[in-house]
Structure formats: C-alpha cells, structure tokens
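Colleague: One structure coming up, written as structure tokens, with questions to follow.
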Amino acid sequence: MSKTCLGILGGGQLGSFLAQAAKKLKIKTIVYCDDTDAPAKYFADDIIIGSYDEPKKIDKFIKKIDLVTFEFENIPYDILSTINKKKRVLPSPYINQLIQNRFTEKNFINDLSLKTTNFELIKNFSDLRNNKNLLPGILKTCTLGYDGKGQYVISTIEDAEKLDISFNNEFILEKKIELKKEISVIVTRYGKNKFETYEPIENVHKDQILSVSQIPAKIDKLINDQSIFWSQKIAEKLDFIGTMCVEFFLDKDDKLLVNEIAPRVHNSGHLTLNSHNVSQFENHVRAVCGLQKVSTKKIYNAKMINLIGEDILIYKSKKFNHNEFFYDYKKKEVKNKRKMGHLTILENKK
Ligand code: ADP
Ligand code: MG
C-alpha cells in the first residue's frame with residue numbers, strides 16, 4: 001500500500017511542525033501556500049506555491065494528496081468547502097466558517113452556556129456610541145484578525161473619534177477585562193468523546209502577542225478542571241477532528257471566560273514538542289489521518305519563550321544547555337512583531 005499523503009494549507013511554522021510530525025509517522029506531506037519563502041518548504045516532502053483562490057493550482061494539489069488539513073483558520077470557507085468535495089478536509093470546513101468570525105464564534109460559546117466577555121456587534125460609529133457601557137473596551141475586527149491585528153483599545157468615545165476607524169468591515173466591541181491570568185487548553189479529539197487533552201498552559205502576552213507559555217499553570221483545581229471540561233465540550237459540540245486550542249481569561253474575581261477558539265495547533269502548545277511523549281502536532285496528524293490514539297503524558301514541566309522580531313538574532317549564535325531547545329522557524333525576513341522562533345526550557349530535566 002502506498003503511503004498516505006497529507007495536504008497542509010499554509011506553510012508557516014505550524015505547517016512546518018505538522019510536516020515534521022507526519023514524517024515521524026511515515027506520512028507524506030505536501031504543503032500548499034502563497035509564499036515562495038514559506039519555511040515549510042524545508043520540512044514537507046513537497047510544496048506547491050499558489051494563491052488560495054487559484055482553482056487550477058488547488059486542483060493540482062488536490063490530485064496529489066489523500067486528505068487535507070490547515071495551519072491557519074482564515075482560509076475562505078468557499079475554498080475549503082470546494083476542496084472538501086474532492087478530498088476530505090479535517091477539521092471540517094464549517095468549523096472554520098463559524099470560528100473565523102468573532103461574532104458567530106462568541107455566540108456559539110454562549111449558546112453552550114459557557115462564559116465570554118460581554119460584547120456587541122459594531123457596524124458603524126453610532127453602534128459604538130450606543131454601546132458605551134462596554135467601555136473601556138477592545139474593538140476587534142470580526143474576521144482576519146490575529147496577534148492583536150485589527151484591534152483598537154478604546155477608553156472613551158472621544159478616543160474612538162480620534163482613531164478614525166474605517167468601518168469597511170464588521171467589528172465586535174468587547175468589554176476590557178482586568179486580567180488575572182491567561183490560560184489555554186489544547187485538546188485533540190479523535191472521535192466521539194475520544195480526547196487527548198493537555199493540562200492548562202499559562203500564557204503571558206506582550207502587546208497582544210504571546211510571549212511566554214508555561215506548565216504547570218498556577219491555577220487552582222477548580223479552574224483546571226473547568227477549563228478542560230469546557231474545552232472538551234466545545235470540541236465535542238463542533239465534532240472536531242484534530243488538535244484545537246481554547247484560550248481563556250481569568251478575571252480578577254477568578255471567573256473563567258473563554259477568549260477565543262483556535263481550530264488548529266497553537267503557539268501555546270509548542271512546549272508539548274519537548275514536555276510530552278506526544279506533541280500537539282503528532283496528535284493532530286494521528287487524529288486527522290485516523291492513526292492510533294496514544295495515551296499522552298507529560299514528562300517534563302516546561303516554559304516556552306517566543307522569539308519575536310530581532311530576538312532571534314541573539315539566539316542564533318547562543319549556546320544552549322541540554323534542557324534548552326531552540327527552534328528557528330527559518331523565516332527569510334526578520335520583521336518587527338513577527339514570530340521568528342522559540343526556545344523551550346525543560347524545568348525538571350536532569
Ligand atoms: P488574537 O486573535 O489577535 O489573538 P485576542 O482576542 O486573543 O486576539 O487578543 C489578544 C490578546 O489581547 C489577549 O490574549 C489578551 O492578552 C488581550 N485581550 C484581548 N481581549 C481582551 C479583553 N476583552 N480584555 C483584556 N485583554 C484582552
Ligand atoms: Mg488570541
């Protein structure tokens with residue numbers, strides 16, 4: 001029997017790690033992406049460069065693979081669903097459609113009786129004026145936002161007037177929370193009530209970009225269990241296959257709120273490459289390719305530091321201890337606020 005060939009849409013660091021996990025499992029990978037310098041070209045068996053709306057190129061890709069997954073959620077639904085008619089896309093495209101819009105995503109979470117921050121849909125300036133009760137708040141673009149992009153922190157309506165926001169797209173206005181902590185839960189769902197779930201990870205953001213992730217998270221058992229239960233409930237309701245992440249806020253009164261869902265492997269889970277017997281990437285490939293579910297266990301406590309922009313330059317020439325693992329994403333251009341690599345430090349490795 002010939003090897004399974006997994007198609008991956010997107011060729012950044014997440015695509016690279018997925019390709020490496022697949023290789024370990026003897027699964028062939030072909031990446032499709034729109035960037036000639038995509039780092040995944042160093043790790044996948046093959047790469048096809050094309051834009052996501054080039055049907056001929058996409059067709060060429062589809063012919064070569066058995067099934068498709070993706071590393072980012074902002075691929076237009078129509079494209080994913082067209083591909084899905086020819087080769088199976090996992091997780092299912094409808095999940096992306098629901099989650100790539102912050103408004104439908106937050107409604108979905110609340111409909112499950114789980115909590116989020118208070119929010120309203122904002123289409124124009126007068127909607128903003130009518131929702132002053134949510135200030136100070138964060139105005140977030142409903143679609144295509146990541147790493148704090150497309151977000152405005154607004155304290156007063158006068159502030160907002162100065163910002164000169166173009167309402168070309170829809171936004172949500174979210175009440176700004178006094179954060180005690182941020183945590184995330186990474187869960188891989190293999191099928192009905194079949195999960196491998198990582199313990200909650202504690203995250204620190206700087207300028208709305210993830211800076212440090214650590215396990216164990218310093219939270220009490222109640223929050224630990226609640227965040228895992230909520231994440232599995234979300235994954236089950238979505239009928240999710242593969243690895244996903246739920247980001248949470250813990251407010252000053254220790255109340256748990258869902259911030260957002262990432263229907264894919266997640267930056268906060270990079271430490272699982274070294275801390276666990278099975279990484280979030282391997283679990284994802286196993287789940288989407290229908291391979292055996294392996295009981296996932298923590299071996300080490302760990303801390304991951306994101307290397308953003310020029311941080312990477314210092315690390316490239318650094319010497320590391322045996323408990324430190326440096327990952328260079330091999331991105332051609334160093335850009336301000338761009339995730340360039342990460343370092344994982346295992347805390348109890350002798
Ligand atoms: P992105 O999709 O860009 O990751 P998020 O909604 O997760 O956007 O916001 C990025 C970060 O900004 C969060 O992890 C958190 O640190 C901060 N943030 C976002 N929303 C709020 C809020 N309502 N109150 C306080 N901080 C917030
Ligand atoms: Mg986020």
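No lab work stands behind these numbers, since they all come straight from the coordinates. For clarity, every value in this text was computed on a predicted model and none was experimentally measured. No Cβ is skipped: glycine too gets one built from the backbone with ideal geometry, and neighbour counts run over all protein chains shown.
Colleague: Let me see the P(r) profile for region 271-350: every Cα-Cα distance counted, bins of 10 Å, each bin given as a percent of all pairs.
Modeller: Calculated over all Cα pairs of region 271-350, the distribution is 18, 38, 31, 13, 0 percent.
Colleague: Please state the charge dipole magnitude for the chain, taken about the Cα centre, from unit charges on C-beta atoms (+1 on K and R, -1 on D and E), reported in debye and rounded to the nearest 20.
Modeller: That gives the chain a dipole magnitude of about 1420 debye.
Colleague: Per residue of the chain, what 222 nm ellipticity follows from adding -39500 (n - 2.57) for every DSSP H run with n ≥ 4, rounded to the nearest 500?
Modeller: Counting only the DSSP helices, I get -8000 deg cm²/dmol.
Colleague: Shifting gears a bit: When you count, for each residue, the other Cβ atoms within 10 Å and take the mean per peptide, how do 331-342, 23-34 rank with the highest first?
Modeller: 23-34, 331-342
Colleague: Ok, one more. Sticking with the crude label model, points 7 Å out along Cα→Cβ, report the distance from ASN336 to LYS180 in nm, one decimal please.
Modeller: 3.6 nm
Colleague: If you don't mind, there's one more thing I want to ask. Apply the Karplus parameterisation 6.51 cos²θ - 1.76 cosθ + 1.60, with θ equal to phi minus 60°, to every residue of region 136-146 and state each ³J(HN,Hα) to the nearest whole Hz, in sequence, with x for glycine and proline.
Modeller: x, x, 10, 8, 10, 4, 5, 10, 6, x, 7
Colleague: Turning to a different aspect of this structure: Please order THR272, THR197 by the number of other Cβ within 10 Å, starting at the fewest.
Modeller: In order of increasing Cβ crowding within 10 Å: THR197, THR272.
Colleague: For PHE167, PHE326, PHE249, PHE61, what ranking results if the residue with the fewest other Cβ atoms within 10 Å of its Cβ goes first?
Modeller: In increasing order of surrounding Cβ atoms, one gets PHE167, PHE326, PHE249, PHE61.
Colleague: Next question. Contour minus end-to-end for TYR146 and LYS3, with contour as 0.36 nm per residue of separation and end-to-end as the Cα-Cα distance?
Modeller: Fully extending the segment from TYR146 to LYS3 adds 48.0 nm.
Colleague: Which of these, ASN101, ASN274, ASN131, has the largest mean-square fluctuation under a Gaussian network model of the chain (Cα springs below 10 Å)?
Modeller: Maximum fluctuation in the GNM of the chain, among the listed residues, is at ASN131.
Colleague: Could you tell me the distance between the Cα centroids of region 192-214 and region 307-346, to the nearest Å?
Modeller: Measuring centre to centre over Cα atoms gives 19 Å.
Colleague: Using only the Cα atoms of the chain, what semi-axes does the equivalent ellipsoid have when each is the square root of 5 times a gyration tensor eigenvalue? Give whole Å, largest first.
Modeller: 31, 25, 21
Colleague: Need one number: nm distance between label points at ASP37 and PHE167, each 7 Å from Cα along Cα→Cβ, rounded to one decimal.
Modeller: That separation, rounded to one decimal, is 3.8 nm.
Colleague: Under the 0.36 nm per residue contour assumption, what length would be gained going from the current alpha-carbon distance of LEU121 and ILE299 to full extension?
Modeller: 59.7 nm
Colleague: Given the Cα-Cα distance of ILE49 and TYR77 and 0.36 nm per residue of separation, how much length would full extension add, in nm?
Modeller: 8.1 nm
Colleague: Tell me which residues come under 5 Å, amide H to amide H, from ARG88 once H is placed; ignore anything under 5 positions away on its chain.
Modeller: Amide H neighbours of ARG88, under 5 Å, 5+ apart: VAL68.
Colleague: In nm, to one decimal, how far is the modelled label at ASP207 from the one at PHE320, with both set 7 Å along Cα→Cβ?
Modeller: Using points 7 Å along Cα→Cβ, the separation is 2.4 nm.
Colleague: Within a Cβ distance under 9 Å of GLU120, other residues only, what is the Lys/Arg minus Asp/Glu net charge?
Modeller: -2
Colleague: By count of other Cβ within 10 Å, fewest leading, how are ASP78, ASP164, ASP35 ordered?
Modeller: ASP164, ASP78, ASP35
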